[in-house]
Amino acid sequence: FDRSAAGTITAGNSSPLTDGAASVVLMSERRAEREGREPLAFIRGMLNASIDPVEGLLMGPGLAVPRLLASTGLALSDMDVVEMHEAFAGQVLCNLAAWERGWHEPAIGRVAEERLNP
């Protein structure tokens, strides 16, 4: 990993520093009740979006999230936690700016810092 002032961060040199593992258990609300579990979150919708890489490489969240919120009737302020797991901080910052200012979709607002990747 090149830490010099002229260094670069790429998928090839940053992955060893960030590799990890996680899991999520999904089940119906009815089953959770039956098993005495309290849901931590609900899936209200899903959406796929893409854009030509020349126009907006890695900007999928900037398109998908505003469209998903519009289709579900939810707002960014309805979210207790916003987890944006992307490879590079620059990508996260660009997508957050797209949400706040609008880009190809209307602006949806700012994510409170304490709610982003807590």
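The values are calculated or read from the model by the stated rules, or taken from the named source; none is laboratory data. What you see is a predicted model, and the numbers here were worked out from it, not measured in a lab. A quick note on method: Cβ atoms are made from the backbone with ideal geometry, for glycine too, and the neighbour counts reach across all protein chains shown.
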>> Please count how many residues of region 1-30 are surrounded by 10 or more Cβ atoms within 10 Å (Cβ to Cβ), modelled with pLDDT of 75 or more and part of a helix (DSSP H, G or I).
In response: 1
> Applying the selection to region 58-98, what residues are assigned to a helix (DSSP H, G or I) and surrounded by fewer than 16 Cβ atoms within 10 Å (Cβ to Cβ)?
Replying inline: ALA70, SER71, THR72, SER77, ASP78, ALA89, GLY90, LEU93, ALA97
>> So in region 44-82, with the set limited to residues that are touching a His at 6+ places or on another chain (Cβ under 9 Å) and among the hydrophobic types (A, V, I, L, M, F, W, C), which one is farthest from PRO106 (Cα to Cα)?
In response: ILE51
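Hey, does region 96-105 have a residue that's touching a strand residue (DSSP E or B) at 6+ places or on another chain (Cβ under 9 Å), at pLDDT 90 or above and more than 29 Å from THR8 (Cα to Cα)?
No, there is no match, as no residue in region 96-105 is touching a strand residue (DSSP E or B) at 6+ places or on another chain (Cβ under 9 Å), at pLDDT 90 or above and more than 29 Å from THR8 (Cα to Cα).
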>> Give all pairs with beta carbons closer than 6 Å in which a residue from region 57-84 that is under 14 Å from PHE42 (Cβ atoms) meets a residue that is outside any helix (DSSP H, G or I) and of a type in the set (A, V, I, L, M); count only pairs at least 6 apart in sequence or on separate chains.
In response: LEU68/LEU47
